[in-house]
Amino acid sequence: MSPSRFLLPSLLTLGLVLVSLPVLSAQTADEKALAAYRLNMATVRKVAAATQAFAAEQAKNPKVQELTKIRAEIEALEEKDELTDAESEKLDKLRERQEALEQEMDREDDSADVNDNQSLADMEASIKKMPQAMAILSREGLTPREYTLCMMALLQAAMIEGFSQGKADLANLPAGVNPDNVRFVRENKAELE
């Protein structure tokens, strides 16, 4: 799978993480930055590779590994037509552990300000606090600012293009949206999916 094929699913995940960006409509500096930013395939590929590397790094986290294993066990038990008493008890314990792990990981994310990003500058600052993320970006030849701008511009353009089902009027877009970025998503849909 090419790194860019990983990008749109990653964007959806990022979109969920960044819903706390209430945001761009109220932040003139961010609107201007996004409106001025122009997507290009070379940078999108670097961002895709970095995003994939972030996910691979996250997958090494023992808590993520345990959570993945627990979810698989829960799914396997839930697929059974009928559970024994022991299996029901095991399922309850797995669900309790899943909830505890998720809460632990949420607290860790909260302490790192990962979900409190209110602006592009806040997102940059959050990235700068993570040495592994900085190393990945450096390896890809990206700055936190470039990564943040590209991800948000791509997310913004992909959402507009997706919600309009490819029929967005490029001459009549909301403030802060670069029509070239929507056009970029439209013209590169196959590679971005």
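The values are calculated or read from the model by the stated rules, or taken from the named source; none is laboratory data. A quick note: this is a predicted structure, and the numbers were derived from the prediction, not measured. Cβ atoms come from the backbone with ideal geometry, glycine included; neighbour counts cover every protein chain shown. For the accessible areas, the whole protein counts, side chains as well, though only heavy atoms, and no ligand, DNA or RNA atoms are used. Shrake-Rupley method; radii C 1.70, N 1.55, O 1.52, S 1.80 Å.
Structural remarks
- Those residues of segment 162-186 which are at pLDDT below 90 and either within 15 Å of ASP30 (Cβ to Cβ) or among the acidic types (Asp, Glu) (or both), in sequence order: ASP169, PRO174, ALA175, GLY176, VAL177
- Residue under evaluation VAL47, criteria (1) in a helix (DSSP H, G or I); (2) modelled with pLDDT under 95, criterion not met: (2)
- Taking the listed residues LYS69, LYS46, the one that is open to solvent by 50 Å² or more (accessible area, probe 1.4 Å) and under 17 Å from the mean Cα position of the chain (by Cα) is LYS46, with no other qualifying.
- Contact map, segment 131-160: residues that are touching a residue at least 60 places away in the same chain (Cβ under 8 Å) paired with residues that are open to solvent by 40 Å² or more (accessible area, probe 1.4 Å) and in a helix (DSSP H, G or I), Cβ distance under 6 Å, separation 6+ or inter-chain. Pairs shown: GLN132/GLU57; GLU140/LYS46; LEU142/LYS46.
- Any helices (runs of 4 or more DSSP H) falling wholly within segment 131-193 and containing at least 2 residues that are closer than 12 Å to ASN40 by Cα and not basic (Lys, Arg): 144-163, 179-187
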